[in-house]
1. Suppose we take every Cα in the stretch A:243-302 and form the convex hull; what volume per residue is that in Å³?
2. For A:K220, give me every one of the lysines with a C-alpha distance below 18 angstrom, ignoring sequence neighbours fewer than eight places off in its own chain.
3. Treating the beta-carbon of each Lys and Arg as +1 and of each Asp and Glu as -1, no other charges, what is the dipole magnitude of chain B about its Cα centre, to the nearest 20 debye?
4. The stretch C:48-83 to the stretch A:233-272: how many Å between their Cα centroids?
5. What is the stretch B:207-456's relative contact order, in percent, from Cα pairs under 8 angstrom and six or more apart in sequence?
6. Mind checking which lysines have their Cα closer than 26 Å to the Cα of C:K272? Skip sequence neighbours fewer than 8 apart in that chain.
7. Could you give the Stokes-Einstein D for the protein assembly as shown in µm² per second, using the C-alpha Kirkwood radius, 4 °C, 1.567 mPa s?
8. Taking amide H atoms as placed 1.01 Å from N in the peptide plane, list the residues 5 or more away in sequence, or in a different chain, whose amide H sits under 5 Å from that of A:L250.
Amino acid sequence: MWLFLLLALAFTRTDAQASPVGGTLGAVGSDTMAGLVLRWGEALKQRHPEVTIQFQAAGSANAPPALIAGTARLGPMSRQMTPDEKQAFTKRYGYPPRELKVARDALAVIVHRHNPLKTLSQRQVDAIFSTSRECGASAPITHWEALLDPTEWPFRHIVLHGRNTASGTHELFQQRALCGGEFRRDISEHPGNSPVVAAVGESPGAMGYVGYSHLNAQVKALSIFDDDGNTIAPSEEAIQTGAYPLSRYLYLYVNAPPGEPLPPAERDLLALIFSPEGQRIARAAGFVPLSETVRQQQARWQLLSR
Amino acid sequence: MSRLWPWLCAASVALSLLMLAALLTLLLTRGLGHFWPATLESVTLDSGEIIAGEAVRETPLPHRDGEEQLYFTGNRDLDGNRWRWVAIDHIAERGAPRTLVRLERSPWGDFIGYLSAFESASERLEGDAAWHALTAALAHPTRERPSATLVLQSAAGEMLRQPLNEIYRAHRPNAMSWWEKTRYWSQGVWQFLSEGPRAANTGGGVWPAIFGTVLMVMVMSVIVMPFGVLAAIYLNEIAHQGRLTRLVRIGVRNLAGVPSIVYGVFGLGVFVYGIGSSLDAWFFSDSLPSPTFGTGGLLWASLTLALLTLPVVIVATEEGLARIPDAQREGAVALGATRLEMLTRVVLPMAAPAMLTAVILAVARAAGEVAPLMLVGVAKLAPQMPVDDEFPYLHVERKFMHLGYHLFDTAFHGEDMQTAIPLVYATALLLVVIVLVLNLTAIFLRHHLRHQRGQSC
Amino acid sequence: MTPPSRPTYSALTSSTDPGRQRLDRLATASITVGAFAVLAAILAIGIFLLWESLPLLSLAGTFTLETLSPLAWGTLKAALAAMLLALPIALGAAIYTALYMPPRLRSRVKPVLEMMEAIPGVVVGFIAGLILAPWVERHLASTLVLLVWLPLSTLLAGVLWHSARQSLRKRLPFSWAGLWLTPWLIAMTFIALWATPGVEHVLIGGDLRQWLDQQLGVNYATRNAMIVGMAMGFAVIPSIFALAEDALADVPTSLLEGAQALGATRWQALWKVALPAAGPGIFSAVMIGAGRAVGETMIVLMASGNTAIFSTSPFEGMRSIAAAIAIELPESTPDSSTYHVLIFAALVLFLFTFLVNTLAEVVRLRLRTRLSRMGDRG
């Protein structure tokens, strides 16, 4: 039996390096983007049955180490790489990772579908979710009375739901909505986006934050006052233009040595992503497609490298 | 009062049985019910709006009296939503028109509405003819289908053009007879068991997960059995039965109580980061930095679970060995057999059913474990099976899918929990059935074994 | 259990063929090596965890303490909630099965109850976290009423049975009550579910969950200690039941019969004779159940809400050590301080369960020898 295993060891070939026509695309990264990457993979497989994507949705923080270690050549991330992460990559390979914007996403603050609340200011969001109130609110908000007329909404405690510490969603919300402050400790930290939606959707006194692509009819996404006092709803248009304050790009980092052609499988994947069809898939996965100018701009790099 | 206390004890048994039965019934009805073609309703609201969909559940409204009904309406490409909550008192009229169609398709998920035309290169069919053309086209395997476009109309009247190649199945539940529904249902169950997941694990089947689970427990059994049996033989047949052996035995038994997540931590730290990285450095340095064994995979998961099930195997085997009457051993030795001959000719054959029980119990335990696998190599979606036609056929370094983890993943990492829950039920049912059947076999074997021994001595 | 003193047969062998002898010695050696490999692997777990926790010594102790203390509290709270539900049911069931059930029925019911143990944690967690928790939140009053009403209605069944006619009592014997009480309990459950909302409306004018929130200011999280207690209680009932039942069934019948001959009722015999005799066994059953509850991962992960807070409220959530390891460890890079803290957490879990189980096992073995001595004397 051990002999057998050793044989298997000795003849195991890794596909990551040499990928002729087909091959496996290794990707490690964002859990938010799991649905998106897998759908692109499915569409790619329909066109090129010999190509497969192996994706490990471990959280954005895992993409840079995986790219640096070479575990994967593609790193989908729901946030931009930090300068430190980029530097570590450059130190290892001698060139920076290729950064591609592949779709737009947003975080939405959600409440129960029957909750009459419509809009929150960023300060209020901070006052609800944080202990430090870095955005400048004067007092914490823990009860619905502070936001709504109690006759309209007869619930008292705001029960909070969010993501676990390792997720990119958690980090982004901390930076953008809490102005870098500290989260309250009594937030339920769910190991995924859909349990947050489910939890808020089933309990009227709840509030939470979640990726835009996971919104459904169970919950209502709140509009946010921007700096000029306009209420901005998390609509597709507001997210695409970036007017909605909690919106962001989704990135794909590629380990691509400059001047060398991409392996065919990767080239095909990128061609798909920046085609109108690829952006339609992004929409079907619940994200917001890139605006036409950004899409063409991103596609150009990929054309050049062909 | 003392006459009544025993009643509470009796009720405890009744309650336990009841909870078990309730759990199994829930899984059975929901898990299998998911594939049954549900009636589609066409609902007219007070506002004059018409929606069509499957009624899912009713809950009381939180802020005023009354109930609301959740409908699965599909058509995410039209209004961006799959679900619709409707307050019951806002419903003006409900009906179930026979022509309502439900299409399973990609990438937008189900469509519910009416089929108004079937357009192929040569012709345009409408009404019932369109439906017949659609069912005829779907009867072909995916690659041989003609290219055609469906013209669809939602209940609200919006038109939609849908290419035929994005459609998997279609049915008109309101027009189906019981027999047709049963056939549709069994097709659905079969597809669930035999196909791979699609649309980012929100639909399709669980075949790769079944395969991965089975393969993992097989590799695990191959590893755990020799060691477990050797250890059991040593403890029972060779070791001096002193204080030390007793301590070791207690230690082994207690390992069965160590939380599985601890084994996962050990597997990650020692197998993946320790041994795996070293193996990569020695044998696969040409493919570094991309790790071959330095990341979770089938081999490490199997080894971790082998360690986890080792106590189960040792205890069960030892129990079997202990039941063999000493007279058998003495007889063999008296006839001049060495210890090896005594073991292989007399003891082991007699202990074979016990060893079989051991392996079944180990497999049943391993098939249901999820927590350690999350650390050592299970994948959300592993399109490459660990077994294929490429030498050496079994790729123990690959990641694999596992039913239990698939269940957790579809429920917690999916896009929409409401959509995922029926599939999760079906997966949970499958997992429970597998584990229970294995356990029943073990119980039966053990019972049979005791029975046989009882007669022979 | 193996008899403690069996001769090892190698000394007895009469064969003189050197080849066979050599082969035999070789086999013995390889078996011994295999067994020691197993032992080494077991020791390796402890050594690895200890070794990887060492770097923590160089870190500030407060960091470790601050991260781990809410987790440790959460673990204990979850285990406590589970034991609160599991103990009465498991022990009650064990007493009834061991002492009242006819042997044939017992041999059928016992495997069925042990079957509960086989249901994977991830399935129980799914049902508890995604199905039961929202249901309980909507029917909080009914759930709480059920917890009280089910035992009460059983007592009612007992009273009715004792005042019933002889013929009925013959047809529904008490020794089969474990089975025929099921429909009774189902009926009682439905009555409670049907009646509670009305009573709730009359007493507090609405939903209890809302009333708690508004009038008493009680924070109610959907996934809370009560849900975890129910789910994990379900999961540990079978292990407590199996061991406790074994312990009770091992009490020599002569003891019970003797007590009854002296005029004690069956319940008195149980209380005064069987329970004290089987006490250590029951203790070890409870310890092993507690060990399982402390280490269970998936149920807590899916049903607890993962809130790292100190709270004693049964309506608030918690985060346990095992669940934290499961979600955080795959995402922490090796050699980071989080990695070492989590490994240390695993070490704590390992040591705790190992100690608890060893204690239980030692007590159980003691009991076994004591009982067999008692049986001999009787």
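1. Numbers: hull volume 6.2 nm³, N = 60.
Convex hull of Cα atoms, per residue: 104 Å³.
2. Within the straight-line cut-off, A:K220 pairs with A:K118.
3. Numbers: 35 positive and 39 negative charges, 405 e Å.
For chain B, the charge dipole is close to 1940 debye.
4. 40
5. On the way: 317 pairs, mean separation 67.8, N = 250.
Computed value for the stretch B:207-456: 27 percent relative contact order.
6. Reachable lysines: C:K110.
7. Details: Rh = 32.1 Å.
This corresponds to a translational diffusion coefficient of 40 µm²/s.
8. A:V102, A:A103, A:R104, A:D105
The values are calculated or read from the model by the stated rules, or taken from the named source; none is laboratory data. Note that the coordinates shown come from a computational prediction; the quantities given were computed from them, not determined experimentally. Don't worry about glycine lacking a Cβ; one is built from the backbone with ideal geometry, like all the others, and counts go over all protein chains shown. Accessible surface areas use protein heavy atoms only, side chains included; no ligands, DNA or RNA. Shrake-Rupley method; radii C 1.70, N 1.55, O 1.52, S 1.80 Å.
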